[in-house]
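The values are calculated or read from the model by the stated rules, or taken from the named source; none is laboratory data. From a predicted model like this one, the values you see are computed outputs, not experimental measurements. Heads up, the Cβs are rebuilt from the backbone with ideal geometry, glycines too, and the neighbour counts pull from every protein chain shown.
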Amino acid sequence: MDLPRDKDYFVRLQVSDPDEVRLECGDITKCSADAIVNAANSELLPGGGVCGAIYRAAGPAIADDCRRINLERGPVPPGQAVATTAGLLPTKYVIHTVGPVWHGGREGEAEVLASCYRESMRIADELGLHSIAFPAVSTGIFGYPVEKAARVAVPTVLESLRTAKHLTRAFLVLYDRATLDVFARIAMAQRKPASGNPYEVEIGVMHE
């Protein structure tokens, strides 16, 4: 299946009924999933990129929560996650996860990145949520190569969704078309663990 060249598109993988993973290009701060994930720093301070956009859109409530968490438990280690309120965002929770800084792949970055996705989905599932949206964690200023990140993120999200009790939908909301193309191609190549058959894939066109 070819990806559209001249239109904004989404890719949907049917994991089971009703579980699905959807990949699209967009602004995660406008996503109405039950939880959105913030690619955070260990101190949970406002940063640049997606992190800064989430803090700006949410208003002061998230920053207040993050200060309290930091005072109570200290910095969040890479690979871990915590949940806060969502302030003015159109979601119920923001889950903050600390991704690995890329050091060439020789310092366990892949394991830490996989943990970011697993822990975020575990927290969302424990909160009884049905949907969660991720950015491409660690691919901004932390320098994780996009293709390598996608090869960790996509199968980890699929596996975590299959075993979740409450979560039924996971979104990967990518910040540009080039990143979406990479994630989409890797998603479309995934196969079901038991059968080895490809997941059912739908490619759709985004509407204004």
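Of note:
- Among the criteria (1) closer than 12 Å to residue 22 by Cα; (2) crowded, with 21+ Cβ neighbours inside 10 Å; (3) not aliphatic (A, V, I, L, M), the one residue 204 does not fulfil is (2).
- Only listed residue being touching a helix residue (DSSP H, G or I) at 6+ places or on another chain (Cβ under 7 Å), surrounded by fewer than 16 Cβ atoms within 10 Å (Cβ to Cβ) and among the β-branched types (Val, Ile, Thr), chosen from 139, 97, 85: 85
- Each residue in the stretch 167-190 was checked for being loosely packed, with under 12 Cβ neighbours inside 10 Å and either without any contact (Cβ under 8 Å) to a residue 12 or more places away in the chain or in contact with a His (Cβ under 6 Å, 6 or more places away or on another chain) (or both), and 0 of them qualify.
- Taken together, 82, 21, 37 contain a single residue that is more than 25 Å from residue 199 (Cα to Cα), touching a residue at least 40 places away in the same chain (Cβ under 8 Å), in a strand (DSSP E or B) and not hydroxyl-bearing (Ser, Thr, Tyr), which is 82.
- Candidate set from the stretch 1-43 (those that are among the basic types (Lys, Arg) and surrounded by fewer than 15 Cβ atoms within 10 Å (Cβ to Cβ)); member that is modelled with the highest pLDDT: 30
- Across the stretch 154-166, the qualifying residues are those that are within 24 Å of residue 54 (Cβ to Cβ) and among the hydroxyl-bearing types (Ser, Thr, Tyr), and the one among them that is surrounded by the fewest Cβ atoms within 10 Å (Cβ to Cβ) is 156.
- Number of the condition not met by residue 46 [criteria: (1) in a loop (DSSP other than H, G, I, E, B); (2) at pLDDT 95 or above]: (2)
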